[in-house]
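S.K.: Could you have a look at this structure, given as structure tokens, before my questions?
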Amino acid sequence: MTELLAAIQDSALSIWVRESSSLLAYPMIITMHTFGLGVLVGASTVIDLRVLGVARQIPLASLKGIFVVMWMGFWLNAVTGVMLFAADPRTTGLFFIKMGSIAFGIAVIMLLRRTLYGDGGDGGTLLPVAKTYALLSLVTWVVATTTGRLMAYL
Amino acid sequence: MEQLNDLLAALLDGTSRDEALILYLQSSWVAQYVVSTRWAWPIAETLHFLGLALLFGTIGPLDFRLLGFMSHVPVSAFRALVPWAVAGFMINLVTGTVFLVTAPDQYMSNISWWLKALFLVIAGLNVLLFELTQRSKALEMKPGEDTPVVLKMIGGVSLVSWFMVLFFGRMLAFLGNAF
């Protein structure tokens, strides 16, 4: 494990992200990581709020495209996240909580999507379990965002 | 009170105005509290990021609707999300003010902060333009009706300016000298 982390730290990608003075290196990567957070957590939050009863006038069928937006945010952050990790591969407790909560959050989103639109459904009927998923999703993203932000201070 | 007198004196005679303002803000109870604890700043940062996600998530769908997406859904349906966007904005206004009051020196001389403020003003004027001149037009649109160009522009300006606010907010630490 330690050898693997050392190898990552000595890789060309890691050195470039960590040591380049270019604004396109670390600064742009972490800024895009923050943008991706806004897209993924923001899009997830709006569907969660809708499922929990906010803005009921928006038909759930019209929000199906939001899951595509979430995946774009997710992949942007997966790529930039790998680069940030390569630059500074510290496997702290916070890091594992963050990774775990993201994996859990993505699983919950996939379950929510299947509940809403699976089997050719159009989101017309809202099963009670959807609200549980929405609540879990909100809590999970708060944990992921909080642990991610606090990694800069611990 | 003494700091307030110093600030007023500096504002009146025009010399060392910035230094007086910085000293005045740093002497406030908010700044004193934040620098005296280890956790206040990181907690405010965390809330600032949660607020940004809430704001982005709830204003984004309205902006996309104004751009002409989901045109079969009335604009009024998306306006029900606006109070949540305002909540996200207020969280960030309060926490942002905490940052500014606690460390005014690292923002006031930072080009990235002024650019962030510029795009905040553009975003705010864009909201005013919508509310004062386009609101009834937007709410009266029939489902499926083509969205007027001016509404598309408002939606586009909103998306771009909020992105810029985030961009220069995050670049504060790199374009300028913050943190």
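S.K.: Quick check, is A:L13 touching a helix residue (DSSP H, G or I) at 6+ places or on another chain (Cβ under 6 Å), assigned to a helix (DSSP H, G or I) and farther than 24 Å from B:T46 by Cα?
M.R.: The answer is yes for A:L13.
S.K.: Does B:R135 qualify as being of a type in the set (K, R) and either outside the structural domain of B:F69 (by TED's automatic domain parsing) or surrounded by fewer than 19 Cβ atoms within 10 Å (Cβ to Cβ) (or both)?
M.R.: yes
S.K.: Something else about it: Identify, please: which residue in region A:1-41 is free of Cβ contacts under 8 Å to residues at least 24 places away in the same chain and under 19 Å from the mean Cα position of the chain (by Cα) and is, among those, farthest from B:L175 (Cα to Cα)?
M.R.: It comes out as A:T34.
S.K.: Residue check: is A:A78 at pLDDT 95 or above, surrounded by fewer than 20 Cβ atoms within 10 Å (Cβ to Cβ) and either under 21 Å from A:K131 (Cα atoms) or not aromatic (F, W, Y) (or both)?
M.R.: The answer is yes for A:A78.
S.K.: Quick check on this structure: which one of A:R90, A:R18 is away from chain B (no Cβ under 12 Å), among the charged types (D, E, K, R) and in a helix (DSSP H, G or I)?
M.R.: Answer to the check: A:R18.
S.K.: I'd like the full set of residues that are surrounded by fewer than 16 Cβ atoms within 10 Å (Cβ to Cβ) and either touching a residue at least 40 places away in the same chain (Cβ under 8 Å) or in contact with a Pro (Cβ under 7 Å, 6 or more places away or on another chain) (or both), limited to region A:96-122.
M.R.: Matches in region A:96-122: A:D122 only.
S.K.: Next up: Quick check, is A:V82 closer than 15 Å to A:S137 by Cα and either touching a Ser or Thr at 6+ places or on another chain (Cβ under 7 Å) or away from chain B (no Cβ under 13 Å) (or both)?
M.R.: no
S.K.: Go through region A:139-154 and give me each residue that's surrounded by fewer than 19 Cβ atoms within 10 Å (Cβ to Cβ) and in a helix (DSSP H, G or I).
M.R.: A:V139, A:V142, A:V143, A:L150
S.K.: Which members of region A:55-74 meet the condition of being more than 7 Å from chain B (Cβ to nearest Cβ) and under 13 Å from B:F78 (Cα atoms)?
M.R.: Once the filter is applied, which keeps residues that are more than 7 Å from chain B (Cβ to nearest Cβ) and under 13 Å from B:F78 (Cα atoms), region A:55-74 yields A:R56, A:L60, A:L63.
S.K.: Say we look at region B:61-90 and pick out the residues that are touching a Leu at 6+ places or on another chain (Cβ under 7 Å) and small (G, A, S); which of these is nearest to the other protein chains (Cβ to nearest Cβ)?
M.R.: B:S76
S.K.: Can I ask one more? Going through B:F167, B:F69, B:F163, B:F119 one at a time, which residue ends up being at pLDDT 95 or above and within 30 Å of A:L60 (Cα to Cα)?
M.R.: Going through B:F167, B:F69, B:F163, B:F119 in turn, just one is at pLDDT 95 or above and within 30 Å of A:L60 (Cα to Cα): B:F163.
S.K.: Something else about it: Being under 20 Å from A:V51 (Cα atoms) and within 10 Å of chain B (Cβ to nearest Cβ) is the filter; apply it to region A:139-154 and report the residue that is farthest from the chain's Cα centre (by Cα).
M.R.: Only one residue fits best here, namely A:V142.
S.K.: Considering only residues that are more than 14 Å from chain A (Cβ to nearest Cβ) and among the aliphatic types (A, V, I, L, M), look in region B:142-179 and name the one that is nearest to B:A77 (Cα to Cα).
M.R.: Among those that are more than 14 Å from chain A (Cβ to nearest Cβ) and among the aliphatic types (A, V, I, L, M), it is B:L151.
S.K.: Now a separate question. Quickly run through region B:8-41 and pick out the residues that are of a type outside the set (A, V, I, L, M), in contact (Cβ under 8 Å) with a residue 12 or more places away in the chain and assigned to a helix (DSSP H, G or I).
M.R.: Within region B:8-41, B:D18, B:Y24, B:Q26, B:W41 meet the criteria.
S.K.: Criterion first (more than 14 Å from chain B (Cβ to nearest Cβ), surrounded by 13 or more Cβ atoms within 10 Å (Cβ to Cβ), small (G, A, S) and more than 17 Å from A:L37 (Cα to Cα)) does A:A134 satisfy it?
M.R.: So A:A134 fails the test.
S.K.: Within region A:21-54, which residues are surrounded by fewer than 15 Cβ atoms within 10 Å (Cβ to Cβ) and within 9 Å of chain B (Cβ to nearest Cβ)?
M.R.: Within region A:21-54, A:L23 is the sole residue that qualifies.
The values are calculated or read from the model by the stated rules, or taken from the named source; none is laboratory data. Note that this is a predicted model, so its numbers are computed, not measured. All Cβ positions, even for glycine, are placed from backbone atoms using ideal geometry, and neighbour counts span all protein chains on display.
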